[in-house]
Amino acid sequence: MSNRRPLLISIFLLVVLFAIGVTVYYQTKNMDWYRPLITNALNRITGHVVSIAKVTYAPMSGLFTLELQELEVLSQDPTEPPMMQAQETLLSFSPISLFSGTPQLSSIKFVNPQINLVLREKAPLMERAQDTAMASDKKLLSELGVGLSDLRIGRITVQNGILVILDWDHPEGRTWVFDHLHMGIHSLSPTRASPLAASARYRSIPFTVNGNIGPLPDTLDPFAMPVLLSLEAKSIRLKELQEILSTDTIEVKTSRGYLTTLLHGSLNQGLQTSTWLQLDGLELNRTDLPKVVKQPPQSLKNTIFDRFTNKGEKDTLDLAFRQKSVLHMNWYGTPRLEFEEFFIYLDGPPILEAKGWVKNQWRGPLELDVKILNQIDLAKLPWPADFPLMGVSPSGSFKLNGTWPNKITYHADLDLTKTIIDLSPLEKIADTPMALKLSASQTAEKILIKELVVTHPANPENSVTMSGSLTPRLQLKTVINWAMKDVANYYPVTENWKGSGLMKLNMDIGRKSKDADWVAKGLLDIPKGKVGDVEFSKLKLPFAIDNKLLNIPHLQAVVAGGQVDIMGLLDLSQKPLLYESQLTVTAMDVGELPKQPDSQTGVQLEGYLFAHGTINGQLDNKTFLPTGSLFGQGHILVEPGSLSGLDHNVFYQQKTKESIISDENKALYWNSLEAEVTLLDSVVSLDNIMIDSSQTQISGKGSLKLAGKGEFDLDVKTDFDSKQGFRKNFAVKIIDEGKKSALRMQPKLQ
Amino acid sequence: MPIDPNYETVIGLEVHTQLRTKSKIFCGCPNKFGAEANSQICPVCAGFPGVLPVMNREMVNMAIKTGLAINGQIKKLSVFSRKNYFYPDSPTGYQISQYDLPIVEHGELFIDLPDEPKKRIGVTRIHMEVDAGKSIHEGIVGASWVDLNRVGTPLLEIVSEPDMRSSEDAGAYLKKLRAIVRFLDVCDGNMEEGSFRCDANVSVRHYGAEKFGTRTELKNLNSIRNVMRAIDFEVDRQIDLIESGDKVVQETRLWDANKNISRSMRSKEDAHDYRYFPEPDLPPLTLEQSHIDDIKAKLPELPDAMAKRFQDEMGLSEYDAGVLTAEKEMSTYFEEANQIVSNAGKKNAKATANWVTVELLGRLNKDGLSIEDSPVSAVNLGKLVALIQTGEISGKIAKKVFAHMFDDGGDPEKIVAEKGLKQVTDSGSITAEVEKVLASHPDQVEQYRGGKTQILGFLVGKVMQATRGKANPAMVNKVLKEKLG
């Protein structure tokens, strides 16, 4: 028996120890009686309502470790989701501190937490955090004599968390979700910086953050928390990256993406950020364009190449962005972001540099100076179909400042010489000089152009100056001074005008109401000029455009020494354009008019023309040159006048046979010639022709084609002495067949 | 000095100093000059994908030392950046450098110019960066070779303010800076081997103009003399351009030392062309003040402080002190020699300085040697000066001994003994010789006694001749005067 006794005692002791162990485990395992204590403490610390489902002892995670299950920190705004929910929160305590009366956390670990941050303009996130932290600190100090600034935590760990940022102020309610969030912070304390390492994913794109935060500021002001963090996202998950970058109208493909950002400083002292974003092998395809190649205008055909990339080979781009800025944010002021450097690179070299600052997340005042450093081939970028610029981008600079929506002002100084402009019918080919200076302002309600000046750098007398408002109601005053010979460089359809002279155009353009058609009123003044072969002077062309009707109340000009007055109407809504005009010509020296190139007979009308009549016809919508049918009626008087190149001796003497009456050294003179003129398309009909000279009266009618052919039936009465071989009364037919020096005359029987 | 009195020259220098660390900046490869091509490289040097740089602590310490030596502000936070450019000898396609947050800012140093007060030259910044490899073109037809041994060599780029106004200023600045890095033992300062390289930014402007002219950057300057010549050439060239109505183009120019001309190399890039961004593979460098203080406490004596000590404690002239502290090796030599003289119980630093700056340097220059190559060691020169100071040999004899030491080497004491050059200081034997000379020159004795005292020199010479120069001239003088009454 004695031999079995120790064994029995041992078994008994083991059973007792096991029973004690099981009892202790179950007693400590359920530590829910700590829950109210911890909940209250967390309420005080966070300033938020905190709930915990259960508190247990978690010896597997550390000897002095409590596990809080289903921790939830509610937002102060009941409409917002909970600030944080964590499936498990493990709190480990320093064993020594447990005996000091002030337990110190050696580590906190959040397992599967979700943090929800709501961005609200009226209660900025950081300011709310600051409020909360400072209030908590005061409460703790008053209750425990120990504040948050005395906090020392050996390690804070987040395991597999989710960070959700909700921008509730955005009209579409933007949301950013960062998942797979893992983070470790070592030795968080008020005395030295704490290393931080984190990784997460944004829409499946992984990124890392490494660096230091802290030391915890005495004031617990999050604005004063120093940070030194480096963020990096490398080129994986390209499909997801492409989805992020693509828009409704532009499909983005890239073969490499890379982002790195360094942040250092503190918000109240200035948080400096340096960012580099690089997208290599980038393809930008518009999804809103038809899959056809748009044909450039004929005049630009040889100067541009296909910019629409849905067809044919596409070069990829290497696009990079670099910025260095300082973000200032403090309790009282609005955040201010100051750009020390801001560059955009395309295929290597920098193309754009910006300097300046913005406040209040782009909602506040801003001041940005943008400089174009290198011009690019605009075809590389996916512009909308109606984008008017092609070829090489403009050079120069522009400036924005002001506050949106109160007032933003723009100043631009651009050279568009290398740029092709397609604002049909305004078109400019490459290397045609053009400079643009703009001073404008914009508010939510209106866009004002203080001054827009377009000049020809090589010829400064050419300028277009514009000022006025674009919105809410178009009201622009435009002054154009431009040499007619240069107009075709920018307005190619006028090439056939073959104009010269300095054109001065004063024009007011506007709308009577916001949605009404635009109206214009102005005066075109050309002191001396030429259109085609016709020279003119003192041209004044007042005009008004209203309801798509161009009204020319009184065009005046001096042509060939005579006065031309025209009243006209042009219907701009028609295609081709329809016009009606009334024309008066006074004392025009017909001989000074250019010779009709189609006239082969050598017979030319000379003398002083007086005429009045109406002309109705059609004009090409682009070139404004006559096209289609033409109808005119009027009365002409040539007084005195002559037909040079006509042999009057043959005309008066020949009686019986057909004769050629052309002779460049002879002429038929008269005191006056009158006729009723009808113009129909290319045929001019002359009725009631009355030619009166001292000894003859010629009457008749005839017609003349503008191509140079015509026939006239004339009755001639003379007082000539028949002994000299002249006829007294006779009738003739004059025939012009367009043959050189061959105006024929056929005698007619009386 | 300005070449055209109507124009003012403005010069700023960028000096690249290769640091004398044992290993390279970001890996463990040895940092040595002259090894077989591509024998000192590893995947980090060769820019293999996936490799990560590890910062060399010693380099940071050397940068701090240099910054402290030029009274610069050591920045507690500095950041490495990638400077992106393609060059065949840079395998990564970028250089790791420091851009907007360098380790040192706002330094200064004072240059010494003949007959002018010390001039302050500001140092804008010192930043750490990595050197590139070398492209080798010579002796290869239709190809170039790349040696990556130099990749990863730690460099400090020391950028001056545009405070220099002449090539002489630039030369003095480089000498002072080279002396400093040598005193600190952070760089050997060898321009020919490229461990101390200089690029000069040069512009001219009309006197009184506030705005700087367009600058050009001069490269391939492998000696201080070439730096000065290239600057003078460039100033002339720019003035000629302006005078002829042309404009100076901002560009990088290459100095051709054989032809003494510079030629255009490429248009000068701006900083934004390099697309700098923070180096993601290296964390920002943060320094504790205590670390800086530790280094400061261990800084060696620097040239300016040493020169001041030489003047204050040894009574040397400013010029002599400047010459002796221009090179670390020179000052070390001088101090060692002077210590020997002091040990002999004769403190006369001026005499030692004279022997170093006049006799020794004169002979070294004549033979095209540097102080490191001197055949006369500091100890032996000190012994020689000591022999003079103790009166054992005369200055004249000392020069003979020195010439022997320089040509054939040897200890001066032994040379003096072997050649019987020891000065006669025994008054008995000198008196005997004096009496003999007086007896054989009665006319001169009479003339002296008649008031023509300058004849004494003749008599001294005769005694010295009789003793073959070994008699102490001061004693001869004294005995002669006694005998002549």
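Going through (1) part of a helix (DSSP H, G or I); (2) within 14 Å of another protein chain (Cβ to nearest Cβ) one by one, B:Ile239 falls short only on (2). Just one of the listed residues (B:Ser223, B:Ser267, B:Ser262) is within 14 Å of chain A (Cβ to nearest Cβ) and more than 30 Å from A:Gly265 (Cα to Cα), and it is B:Ser267. Number of residues in region B:163-219 that are in a strand (DSSP E or B) and closer than 16 Å to B:Glu327 by Cα equals 1. Against the list (1) in contact with a Lys or Arg (Cβ under 8 Å, 6 or more places away or on another chain); (2) surrounded by fewer than 16 Cβ atoms within 10 Å (Cβ to Cβ), the condition A:Ser685 fails is (2). A single member of A:Leu381, A:Leu438 is among the aliphatic types (A, V, I, L, M) and modelled with pLDDT under 85, and it is A:Leu381.
With respect to B:Glu192, determine if the residue is surrounded by fewer than 19 Cβ atoms within 10 Å (Cβ to Cβ) and touching a helix residue (DSSP H, G or I) at 6+ places or on another chain (Cβ under 9 Å). So B:Glu192 fails the test.
Checking A:Phe726, A:Phe712, A:Phe730, A:Phe651 one by one, the residue that is crowded, with 16+ Cβ neighbours inside 10 Å, touching a residue at least 12 places away in the same chain (Cβ under 8 Å), within 30 Å of A:Pro626 (Cα to Cα) and of a type in the set (Phe, Trp, Tyr) is A:Phe712 and no other.
When A:Glu535, A:Glu427, A:Glu461 are checked against the criterion of being part of a strand (DSSP E or B) and touching a Ser or Thr at 6+ places or on another chain (Cβ under 8 Å), A:Glu427 stands alone in meeting it. Would you be able to tell me the number of residues in region B:91-106 that are more than 31 Å from the chain's Cα centre (by Cα) and not β-branched (Val, Ile, Thr)? Adding up the residues that qualify gives 3. What do you reckon, is B:Ser244 more than 14 Å from chain A (Cβ to nearest Cβ) and hydroxyl-bearing (Ser, Thr, Tyr)? Yes: the conditions hold for B:Ser244.
Given the criterion over 23 Å from A:Thr175 (Cβ atoms) and either outside any strand (DSSP E or B) or small (Gly, Ala, Ser) (or both), identify the matching residue among A:Ala86, A:Ala41.
Only one candidate qualifies: A:Ala41.
When we screen B:Thr357, B:Thr431 for residues that are among the hydroxyl-bearing types (Ser, Thr, Tyr), surrounded by 15 or more Cβ atoms within 10 Å (Cβ to Cβ), touching an Asp or Glu at 6+ places or on another chain (Cβ under 9 Å) and not assigned by TED's automatic domain parsing to the domain that holds B:Met475, the only hit is B:Thr357. Can you confirm whether A:Ala435 is touching a residue at least 60 places away in the same chain (Cβ under 8 Å), in contact with a Ser or Thr (Cβ under 6 Å, 6 or more places away or on another chain) and more than 29 Å from A:Asp517 (Cβ to Cβ)? The answer is no for A:Ala435. Consider region B:452-468 and keep the residues that are surrounded by fewer than 13 Cβ atoms within 10 Å (Cβ to Cβ) and at pLDDT below 85. The one that is farthest from B:Lys483 (Cα to Cα) is B:Arg468.
A count restricted to region B:274-308 and to residues that are within 14 Å of chain A (Cβ to nearest Cβ) and outside any helix (DSSP H, G or I) stands at 14.
Checking the conditions here, which among A:Tyr410, A:Tyr345 is crowded, with 16+ Cβ neighbours inside 10 Å, assigned to a strand (DSSP E or B) and within 14 Å of chain B (Cβ to nearest Cβ)?
A:Tyr345
Residue-by-condition table, conditions (1) more than 28 Å from B:Pro102 (Cα to Cα); (2) touching a strand residue (DSSP E or B) at 6+ places or on another chain (Cβ under 6 Å):
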position	(1), (2)
B:Ala170	no, yes
B:Tyr173	no, yes
B:Ile180	no, no
B:Val202	no, yes
B:Asn222	no, no
B:Leu254	no, yes
B:Ala257	yes, no
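Evaluate region A:352-364: report whether one residue or more is aliphatic (A, V, I, L, M) and within 13 Å of chain B (Cβ to nearest Cβ). Yes, that holds for at least one residue. Pairing residues of region B:313-336 that are free of Cβ contacts under 8 Å to residues at least 60 places away in the same chain and polar (S, T, N, Q) with residues that are surrounded by fewer than 18 Cβ atoms within 10 Å (Cβ to Cβ) and in a helix (DSSP H, G or I), at Cβ distances under 9 Å and at least 6 apart in sequence or on separate chains, gives B:Ser317/B:Gln311; B:Ser317/B:Lys350. Given the criteria surrounded by fewer than 19 Cβ atoms within 10 Å (Cβ to Cβ), of a type in the set (S, T, N, Q), within 28 Å of A:Trp482 (Cβ to Cβ) and in contact (Cβ under 8 Å) with a residue 24 or more places away in the chain, does A:Ser395 qualify? It is false that A:Ser395 is surrounded by fewer than 19 Cβ atoms within 10 Å (Cβ to Cβ), of a type in the set (S, T, N, Q), within 28 Å of A:Trp482 (Cβ to Cβ) and in contact (Cβ under 8 Å) with a residue 24 or more places away in the chain.
The values are calculated or read from the model by the stated rules, or taken from the named source; none is laboratory data. Predicted, not measured: the structure shown is a model, and the values here were computed from it. With ideal geometry, Cβ positions are generated from the backbone for all residues, glycine too; neighbour counts draw on all protein chains shown.
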